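Report on one structure; see the data block that follows.
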Amino acid sequence: MTFDLVIKNGTIVTAEASYRADIGISGERIAAIGDGLAGAREIDASGKLVTPGAIDVHVHMQMSLGGGIISSDDFFSGTRAAAFGGTTTIIDFVEPAPEQSMLAGLADRRAEADPRVAIDYGLHMTIGPHEIAKLEQVPAVFAAGCASFKLYMAYGFRLTDDQLLKALTAVRDAGGLPVIHAENWDVICVLIEQNLAAGRTSPHWHPRSRPELLEGEAAGRAIDIAEFVGVPLHIFHVGCQATVNRITAARARGLPITGETCPQYLLLDDSVYDRPGVEGALPVCAPPIRPTGEPQNMWQALARDHLQIVTTDHCPFVKADKMRGIEANDFSRIPGGVPSIECRFPALYSFGVRNGIFSANRWVEMCCTRPAQMFGLTGKGRIAVGFDADLVLFDPAKTVTLSTETLHEKVDWTPYEGITVTGWPVATLSRGEVIAENGEFFGAPGRGRFIEREL
Ligand code: DUC
Ligand code: ZN
């Protein structure tokens, strides 16, 4: 049998094992794994690792904060950058307008994404305060393929505990998975107010207004409400041990609680906020990047399965937008978010696998396989016959120095400027098609598909 495409002589790395074999692809799917396979096209992967396409279940493309501030990667530029970094599936968000039904919000978000995405994607539905009156719509949203629901304990989307109880109950009844941004908003608001009143206006005060202890408290409170309701819960963007402790305590009680961290919490510490001028404003994100020691805690949490997956919370804002908070003398007005979508998969290899913190199999598990399982991305995240041929040819020896020159994200800075990683994707396949190879992009806007997820 001749396959459409064969990846030959590579070392296949899955969540369970590493072994030498060829991969035969027919159409969009993996059709065979074995030796001596022949294809109409063959790619030699000698010396390369072959992994499932990486999956990033937490990104914000072209997300509007109001006032004309929009995250700078659109669904095309962001998914193109993702492909260069080995990511073949993302999950972004629907934020319905206050007067809109959740399904109308979903249709609007799909209209933004469908013509632009270069890789496959899914959407989480946001349940904000305005959606509490619309919770009877949750089953229809679930049936439309938005199987996970985002709840915020901060910002204008913030749900109070009574609202959290109602939202978690509705998501439970629909069979969905709630995901949560856990911070203590009341405490944050007071600390911001006190710091600004005392003239403490620089980004240095951003992490000091969002304490780890209270992030842990919020995560623990959300976990307790989820336990009471009887629903699983996934904790977003964990950067401190206080929150990890709440997750591990819940898991030790047998509860279906999971957590993620992101590259910014692994590669940086809060000294970034002391950089001069706008430079200190650029890495502002929430929860904030934590003090030295916490990144090491997060690496260990990944190694021990105290955190289950790695995402990015990719949400870039250009320097001019970040500058607004500096000009206003108010760190709380700096739009929050950093770019990480392109470097996540290679950086986790470089600093996790190469430094001996975890195995290459654990790397694949956290970045590919587990995200697909947890979020209902059926047919993705594995190298197995019948699965989508979303694959990465990864050169474990290729070095790349991260900078705005080398990265493809549509933003005029990166928090990782000057950091050199060893290990980088040399080819990325999405459903059997090579969409990025040796620094060239072969995909197209709109070739990605919306994935109706099922749990
Ligand atoms: N935090 C950020 O920093 N940006 C996007 C959303 C979020 O929760
Ligand atoms: Zn986010």
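Bear in mind that the values in this text are calculations on the coordinates, not laboratory data. Note that the structure is a prediction, hence the values are computed from the model and not measured. Cβ placement follows ideal geometry from the backbone for every residue including glycine, while neighbour counts extend to all protein chains displayed.
In straight-distance terms, cross-link reach from residue 319 covers every one of the aspartates and glutamates whose alpha-carbon lies under 18 Å from its own, apart from those fewer than eight places away in the same chain; here that gives 73, 74, 274, 279, 327, 330, 405, 409, 412, 417.
Under the simplified labelling scheme, the residue 17-residue 398 pair shows an inter-label distance of 2.7 nm, with each label point 7 Å from Cα along Cα→Cβ. A straight Cα-to-Cα reach below 18 Å connects residue 134 with the aspartates and glutamates 95, 99, 108, 161, 162, 173, residues fewer than 8 places away in its own chain not being considered.
Would you please put 172-179, 415-422 in order of how densely packed they are, using the mean number of other Cβ atoms within 10 angstrom per residue and starting with the highest?
Details: 172-179: 20.5, 415-422: 16.4.
Descending mean neighbour count gives 172-179, 415-422.
Measure up 48/410; 150/410; 150/380; 380/410; 150/398 against 31 Å on the Cα-Cα distance and list the ones that go over. Among 48/410; 150/410; 150/380; 380/410; 150/398, the Cα-Cα distance tops 31 Å for 150/398. Approximating the spin labels as points 7 Å out from Cα along Cα→Cβ, the residue 455-to-residue 140 distance works out to 2.0 nm. In sequence order, segment 7-21 has phi-based couplings of 8, 9, 6, x, 9, 6, 10, 10, 5, 9, 7, 10, 7, 8, 6 Hz under the Karplus curve 6.51 cos²θ - 1.76 cosθ + 1.60, θ = phi - 60°, and Gly or Pro positions carry x.
From Cα pairs below 8 angstrom and at least 6 apart in sequence, can you work out the relative contact order of the chain, rounded to a whole percent? Walk me through the intermediate numbers first.
Numbers: 1117 pairs, mean separation 101.3, N = 455.
Relative contact order comes out at 22 percent.
Taking other C-beta atoms within 10 angstrom as a stand-in for reagent exposure, 55, 357 fall in the order 357, 55, fewest first.
Counting every other Cβ atom within 10 Å of each residue's Cβ, 131, 212 order from fewest to most as 212, 131.
Answer rounded, prolate or oblate for segment 10-106, using the Cα gyration tensor with square roots of eigenvalues a ≥ b ≥ c: rounded when a/c is under 1.5, else prolate when a/b is larger than b/c, else oblate. Don't skip to the end; give the middle numbers.
On the way: a/c = 3.17, a/b = 2.68, b/c = 1.18.
Verdict is prolate for segment 10-106.
Using C-alpha pairs under 8 Å with a sequence gap of at least 6, the mean separation divided by the residue count of segment 235-288 gives a relative contact order of 37 percent.
Rounded, prolate or oblate, given the Cα gyration tensor of segment 54-366, with a/c below 1.5 counting as rounded? It is rounded, given that a/c, with a ≥ b ≥ c, falls under 1.5. Once backbone amide H atoms are built at 1.01 Å from N, residue 42 has 6 as its partners under 5 Å, excluding neighbours fewer than 5 places away on the same chain.
Using a cutoff of 8 angstrom between alpha carbon atoms and counting only pairs six or more residues apart, the relative contact order for segment 145-211 works out to 34 percent. Given R₀ = 30 Å, what would the calculated FRET efficiency be for residue 333 paired with residue 107, taking r from the Cβ atoms and rounding to 0.05? FRET efficiency, residue 333 to residue 107: 0.40.
Could you please rank 442, 375, 351, placing first whichever residue has the fewest other Cβ atoms within 10 Å of its Cβ?
Working: 442 15, 375 25, 351 19.
Arranged by neighbour count, lowest to highest, 442, 375, 351 become 442, 351, 375.
Centroid-to-centroid, using Cα positions, segment 263-318 and segment 94-123 are 28 Å apart.
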